[in-house]
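Working notes, beginning with the structure itself.
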Amino acid sequence: MAIGDISLSSSARSNLTALNTTASLLAQTQEHLSTGKTVNTASDNATAYFASKGFLNSANDLNNVKNNLATALESVNSFDNSISDVTSVIVQLQGLATQALGTTDTNTRAGLASQFNALTTQLDQLVNDATFNGSNLLNSATATLVVFFNETNTTALTITGVNVTSAGLLTSSGNTASSSWANTSDIQSSQSYLLTALSTLRTDAANFGGNATLIQTRQDFTSNLINSLQNASTDLVQADTNTEGANLQALQAQDQLGIVSLGISGTLEQAILRIL
């Protein structure tokens, strides 16, 4: 039977329309409460919906930047730690040179010189093994690590590598014990190279430490910016659960009243028909 063939009184039709409206509002309120949002699709509020999406997209892009910063920070910290290890080796080399100066026995000096040469070989192996995430900034002064600070890669920090191998720190003439340290002048020459190496390592460590601090600062800045973007997105679409809860109770009551009202309309019509 077509809708037009069904005869409803004016009051019944009004009550039915009110019930349909209430049911629609109930469904909408329940969705707000279940999702925690008043804007779930573009049809709810296109301006707020797309603005919220834009904030979230920016936050997601920055989250990738933040992850890359975390990796870069670990890389720089790793290189800084390796420099500390190299420094420890240089101090050991100094100890050997000091022992050699404390004796005039050529055999003893030769033995200490042999230890010196073996230790510089270990130093080189340590430096060459200090690769982190495919990069090694300790065995070449031409190596670089580029750290990007934003999602468009328009701001960045370029960290230049250093050469802290035995040849880089002590030069090719100072990374071995000349003449097995038979001459005191050769030992003193090694000591001079070692003092310069320590000074260089301290400067390198300070530079890596400064870069690590800068990266950490940018990482914290990026985290704060991500939080701000997420909050801005949420503020545009978030539902007030207190208000929505009150709306739900009111609509449920209104729905019950509408059903009662529709029933009363039907009862009145039946009463009239009985009179007729």
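The values are calculated or read from the model by the stated rules, or taken from the named source; none is laboratory data. These figures come from a predicted structure and were not determined experimentally. Glycine also receives a Cβ, built like all others from the backbone with ideal geometry; neighbour counts cover every protein chain displayed.
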**Breaking point among (1) surrounded by 12 or more Cβ atoms within 10 Å (Cβ to Cβ); (2) outside any helix (DSSP H, G or I), for Thr104** = (1)
**Prompt:** Which of the residues that make up the range 65-101 are crowded, with 16+ Cβ neighbours inside 10 Å and among the hydroxyl-bearing types (Ser, Thr, Tyr)?
**Reply:** Ser75, Ser78, Ser82, Thr87
**Asked** Which of the residues belonging to the range 53-83 are under 15 Å from Asn136 (Cα atoms) and not aliphatic (A, V, I, L, M)?
**Response** Thr71, Glu74, Ser75, Asn77, Ser78, Phe79, Asp80, Asn81, Ser82
**Matching residues in the range 62-76 - criterion: being of a type in the set (A, V, I, L, M) and either closer than 13 Å to Asn150 by Cα or not assigned by TED's automatic domain parsing to the domain that holds Asn211 (or both)** = Leu62, Val65, Leu69
**Message:** Given the criterion in a helix (DSSP H, G or I), in the same structural domain as Gln94 (by TED's automatic domain parsing) and surrounded by 12 or more Cβ atoms within 10 Å (Cβ to Cβ), identify the matching residue among Ser185, Ser192.
**Reply:** Ser192
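Any idea which of Leu145, Leu201, Leu214 is within 20 Å of Ser75 (Cβ to Cβ), outside any helix (DSSP H, G or I), touching a residue at least 24 places away in the same chain (Cβ under 8 Å) and hydrophobic (A, V, I, L, M, F, W, C)?
Checking each option against the conditions leaves just Leu145.
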**Fill in**
Residue hits (the range 33-79; assigned to a helix (DSSP H, G or I), aliphatic (A, V, I, L, M) and over 20 Å from the mean Cα position of the chain (by Cα)) are Leu33, Ala46, Ala48, Ala51
**Prompt:** Taking the range 122-172, which residues are exposed (fewer than 13 other Cβ atoms within 10 Å of the Cβ) and of a type in the set (Ser, Thr, Tyr)?
**Reply:** Thr142, Thr144, Thr152, Thr154, Thr155, Thr158, Thr171, Ser172
**Asked** Counting only residues that are touching a helix residue (DSSP H, G or I) at 6+ places or on another chain (Cβ under 7 Å) and either free of Cβ contacts under 8 Å to residues at least 60 places away in the same chain or not in a helix (DSSP H, G or I) (or both), how many does the range 83-101 have?
**Response** 5
